[in-house]
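Nothing in this text is a laboratory measurement; each read-out follows from the coordinates by a stated rule. What you are looking at is a predicted structure, and each value in this text was computed from that prediction instead of being measured. Cβ coordinates were reconstructed from backbone atoms using ideal geometry, including for glycine residues, and neighbour counts include every protein chain displayed.
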Amino acid sequence: MTRLLRALVGGAAAALLALVLATPASAEAFRYWGYYASDGEDWTFASAGPADTVPADGSVEGWRFAVTGEESVRDPRAAPDVDLLCAGVQAADGDKRVGVVLDYGTGEDAPDGEAVPAARGACAVVPADATGADVLAAVAELRLGDGGFV
């Protein structure tokens with residue numbers, strides 16, 4: 001049994017090494033905005049895109065600029081606190097308030113020669129049936145790339 005286990009582990013290690021060596025070392029990094037939802041305490045990478053998500057009144061959504069291949073967690077670095085983000089903001093009947101955190105990432109995430117804006121928070125007041133995309137459009141100017149990427 002021990003020989004079988006060693007053979008399996010050795011085979012798996014060899015396969016992994018072959019895969020790593022076959023991957024180009026100079027692969028270009030992909031920069032993107034990650035979309036997050038919050039339970040009021042922690043961030044969770046959204047399971048659906050912003051056009052397919054309808055956030056609840058009083059919820060908080062987060063956006064974090066990041067680069068693929070990073071090993072560190074890329075959650076928004078601000079706490080998802082709707083009371084802070086929407087303090088003093090009222091919603092009319094038929095509307096909802098959604099807190100938004102926009103985290104532009106770190107200097108390492110920015111393209112060469114570009115400065116990283118400070119993270120910011122906002123409160124979107126949008127119709128009750130508004131999607132996450134509508135929420136973002138209410139608080140930020142959007143640039144959409146190929147395939148609808150923000």
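Observations on the model:
- Note on the range 82-150: Kirkwood radius taken over Cα pairs, Stokes-Einstein applied at 37 °C and 0.692 mPa s, translational D equal to 239 µm² s⁻¹.
- Charge tally around Pro55: other residues with Cβ under 9 Å, Lys/Arg +1 each, Asp/Glu -1 each, net -1.
- HN-Hα J in Hz across the range 36-48 - Karplus 6.51, -1.76, 1.60, θ = phi - 60°, x for Gly and Pro: 10, 10, 9, 9, x, 10, 10, 9, 9, 4, 4, 7, 9
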